[in-house]
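The values are calculated or read from the model by the stated rules, or taken from the named source; none is laboratory data. Being a predicted model, the structure only gives us computed values, none of them experimental. So basically every Cβ, Gly included, is an ideal-geometry build from the backbone, and we count neighbours across all protein chains shown.
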Amino acid sequence: MTLLVRAQAEGAQPASASAGTGVAAGASAAAPVLASPLPPTDPTPIRGDALVANPERYAGDPETCRGFLLQYSLVFEQQPSRFPTERSKVAYMISLLTGRALAWATSLWERASPDTASGESFMRAMRTTFHNPRGGREAAPRLLALSQGT
């Protein structure tokens, strides 16, 4: 078909197609000329956005929660054009969660929790749920020292 169209564009008359191949009689059986592919997507940020790496996936580890949230803050600050709505920020964060963090976020998303209304509210909920400023070893002695009543 491409050769037939090219032959017509060059002024040749398409006599008859050769045995259903779509090649005009007398035309060579050269490989069809295809349209050039689209140019590669330009990785240059738009509107002054800076290139910032995507955060690593997060599974709910309290030790890495703070750094994970910092990385998200940097992405949102440096690439605002990628996130036209607050919900797009939340969807982006959820897309990089795994394990128990994903299970937790799925529950929030499916019940349309107010914590999924904005990137800031979702990050606050993540911090409350997963960030542990005191390690378990520091908290254990305090828990053992608790007593009931006066």
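In this structure, is MET93 in contact with a Cys (Cβ under 9 Å, 6 or more places away or on another chain), surrounded by 13 or more Cβ atoms within 10 Å (Cβ to Cβ) and not in a loop (DSSP other than H, G, I, E, B)? Judged against the criteria, MET93 is not a match.
Each row is one residue, and each column tells you yes or no for (1) surrounded by fewer than 16 Cβ atoms within 10 Å (Cβ to Cβ); (2) assigned to a helix (DSSP H, G or I); (3) touching a Cys at 6+ places or on another chain (Cβ under 6 Å); (4) at pLDDT below 95.
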site	(1), (2), (3), (4)
PHE68	no, yes, no, yes
GLU77	yes, yes, no, yes
SER81	yes, yes, no, yes
PRO84	yes, no, no, yes
LEU102	no, yes, no, no
ALA112	yes, no, no, no
ASP115	no, yes, no, no
ALA125	no, yes, no, no
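Cβ-Cβ contacts under 9 Å between residues 6 or more apart (or on different chains), taken from a first residue in segment 137-150 that is aliphatic (A, V, I, L, M) to a second residue that is surrounded by 10 or more Cβ atoms within 10 Å (Cβ to Cβ) and at pLDDT 70 or above, are listed as ALA139/ASN132. Out of SER113, SER88, one residue alone is in contact with a helix residue (DSSP H, G or I) (Cβ under 9 Å, 6 or more places away or on another chain) and within 19 Å of ALA50 (Cα to Cα). It is SER88.
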